[in-house]
1. So which lysines pass the test for B:Lys242, namely a Cα distance under 19 Å, with those fewer than 8 places away in the same chain ruled out?
2. Of the beta bridges DSSP finds with both residues in chain B, what % are antiparallel, to the nearest 5?
3. On average, how many beta carbons from a partner chain sit within 10 Å of the beta carbon of a residue in B:160-166?
4. Taking a cut-off of 16 Å between Cα atoms, list the lysines near A:Lys254, but don't count ones fewer than 8 places away on the same chain.
5. Here is the link list: A:Lys115/B:Lys189; B:Lys279/B:Lys325; A:Lys147/B:Lys61. Which ones come out longer than 26 Å on Cα distance?
6. Checking the a/c ratio against 1.5 first, then a/b against b/c, what shape does the Cα gyration tensor give for the stretch B:2-348?
7. Please compute the contact order of chain A in relative form: average sequence separation of alpha-carbon pairs under 8 Å and at least six residues apart, divided by the residue count, as a percent.
8. Put +1 on the Cβ of every Lys and Arg and -1 on every Asp and Glu Cβ in the protein assembly as shown; which of A:Leu83, B:Ser154, A:Ala161 then has its Cα farthest towards the positive end of the dipole?
Amino acid sequence: MLGIIKQKVGARGLTAPVFGDYMQKLSPVASAMRDFSSATKKMTVRDALNSALDEEMAADSNVFVMGEEVGEYQGAYKITKGLLDKYGPDRVVDTPITEAGFTGIGVGAAYHGLKPVIEFMTFNFSMQAIDHIINSAAKSNYMSGGKINVPIVFRGPNGAAAGVGAQHSQCYGAWYGAIPGLKVLVPYSSEDARGLLKAAIRDPDPVVFLENEILYGDSFPVSQEVLDPNFCLPIGKAKIERQGKDVTITAYSKMVGFALKAAEILEKDGINAEVINLRSIRPLDRDTINDSVRKTNRLVTVEEGFRQHGVGAEICASVVEDSFNYLDAPVERIAGADVPTPYTANLERLAFPQIEDIVRATKRACYRSG
Amino acid sequence: MALARRSSNLLKPLSTASSSSFLNRRPFSTDDSTTITIETSVPFTGHNCEPPSRSIDTTPKELMTFFTDMALMRRMEIAADSLYKSKLIRGFCHLYDGQEAVSIGMEAAITKKDCIITAYRDHCIFLGRGGTLLESFAELMGRQAGCSRGKGGSMHFYKKDACFFGGHGIVGAQVPLGCGLAFAQKYRKEDHVTFTMYGDGAANQGQLFEALNMAALWDLPAILVCENNHYGMGTAEWRAAKSPAYYKRGDYVPGLKVDGMDAFAVKQACKFAKEHALKNGPIILEMDTYRYHGHSMSDPGSTYRTRDEISGVRQERDPIERIRKLILAHDIATEKELKDIEKLARKEVDEAIAKAKESPMPDDSELFTNVYRKGYGVESFGADRKEVRATLP
């Protein structure tokens, strides 16, 4: 596993050779294992995404993959590995480095009934094409009174990788999450990656699918059900990754692993945290979040993105609106530092939430010191 | 201009309502076997391609159809102007009068399985694809009977069953979208093409060149139709483009400069382009045209161009007058009969407006429909979530 991700898988300056630190933090935690008591197999997130794409392409000839280096290069992060050989260049389309152009072409193809899966080498580059995602894709069904739906998936790594600096290390969850007409999915585990990507491809609306580069090489246990070609997860439903009674921690993508790790540490201090893996930022599963907070009376939100107008801000607002009287403590928000991402390791570490930040904030929410 | 005429027995009443046009009220008989050969107003100019012949065959029926359809488009736009001024149309409204020959000529060369996508000056393109006056006016006035159920407005007309994909408000964005439609056509191995329309303003957009590059790499059946009306809003072409020869701007992509005020030149060019695109991939058609109105309703259209220029074009190049002259020159109809057609267009437009006004505004509950095709029953909120919330269908 490490062998794979230690390769220089990046392109366009996207090398991510330093994983050891993250790998340790993200080794699947015991609590995650509990959900898969019947699990017999482990699968990397990369293989989960690859198999989901493969199966959906096999099932529906309208599904095709388009983006930079998805074909002959086998994917900048090898998510599309092997697909060109299997489905040919008509369905695995290498594009020039022109995001606005190929994103618009993808949306146009979706207008006419195809089901494009558009890969952004990273979501940072989707800024070149954000007009097509928002104005051309998200709004067309509404503007046309329901005539023109847009069955398209925009996918790729999102958020910070390691050591790639400010222009390649931003989470766009809150950006896309703000747009009606889009669905925004944020997988954490291999189960999420498979189930949500298959759901996204089958969905008749535009879906922004935010992956995480650091998670690609991580292995998670997968049940037989998850491996079934018909497996699909519901869009808009969060998953309670860890049951708890004292405090609710919400997280998405890589931060779910951090939250689970924090919950283990907190358990030793007698705090029983419930960890919610959001899975979907839009629609946001307000019911699951509020039900949990009504049980635990405390909330900590965790995200890598910026705090201001962030996902945590929306979750906090939802809880204040619907469950104000249940709160026993101020809501705590753990988020990315309010700075462009620095390059150097010590500053980069300070720019993103660490497990100890989650532990500290959760204790604060529980009125427990140190 | 008129070269040959082979029949004069043209004034029998039409017995059946079969018509290639969107109106079934033609009072003139036409013998389909009658062929009239005419010559386009000016020669085509080619870029990396051998231009088609100036000589084109038509029929009395087609001439009458062109006249009738363009008269209706013209009348619709004039009426929209009045409705706007009486505040029955809101927001933006971009009128097409002057440019009618582009839609008419294009439609005459292609089928409804060929796709069209355009920018915000879309009313007449919609009509050309078979959309109705009622759907148009109801949409402009934000009514339920509108083609987008009142949710799109002037800039967002669509007719998917006739492969018309909008109606887009972001200048230039429709060009990659159109190349995407062509991508889908090629992917499915169809024998159809996409006409992607944009103005001289959009011709300088970067994404156009990105999409054109891919269209050429992949031989997509994409025809880029640059409707050069010589002003991007109020900026004259020469102030915005280092090279205003838009048909040459594709460099490695062939192009054709066409008199966009001559419906027959447009038809000939579109036929040529369709054949080219199916065989060889993309081509650019620059339609030299003119809009009589300003850019939009807030633009009197007179600060950046002279009134003489506008009236000169009206006198010398008007697309409807060109057809009128051909019809008269060939004794296909009398001046009075043509006036009657224009009167009928006025009547039809007035009736459609009256009917559109009877259509109710969308129900409040429509605020939350069509956000998604599949809303998963998710709860959605209005401005005051305690007051207005809905379950998305």
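1. Once the sequence-local lysines are set aside, what remains near B:Lys242 is B:Lys257.
2. 40
3. That works out to 4 on average.
4. A:Lys25, A:Lys239
5. Correct reply: B:Lys279/B:Lys325; A:Lys147/B:Lys61.
6. rounded
7. Once normalised by length, the contact order is 16 percent.
8. It is B:Ser154.
Every number in this text was worked out from the coordinates using simple rules, so none of it is lab data. For clarity, every value in this text was computed on a predicted model and none was experimentally measured. Positions of Cβ are backbone-derived with ideal geometry, glycine not excepted, and every protein chain shown enters the neighbour counts.
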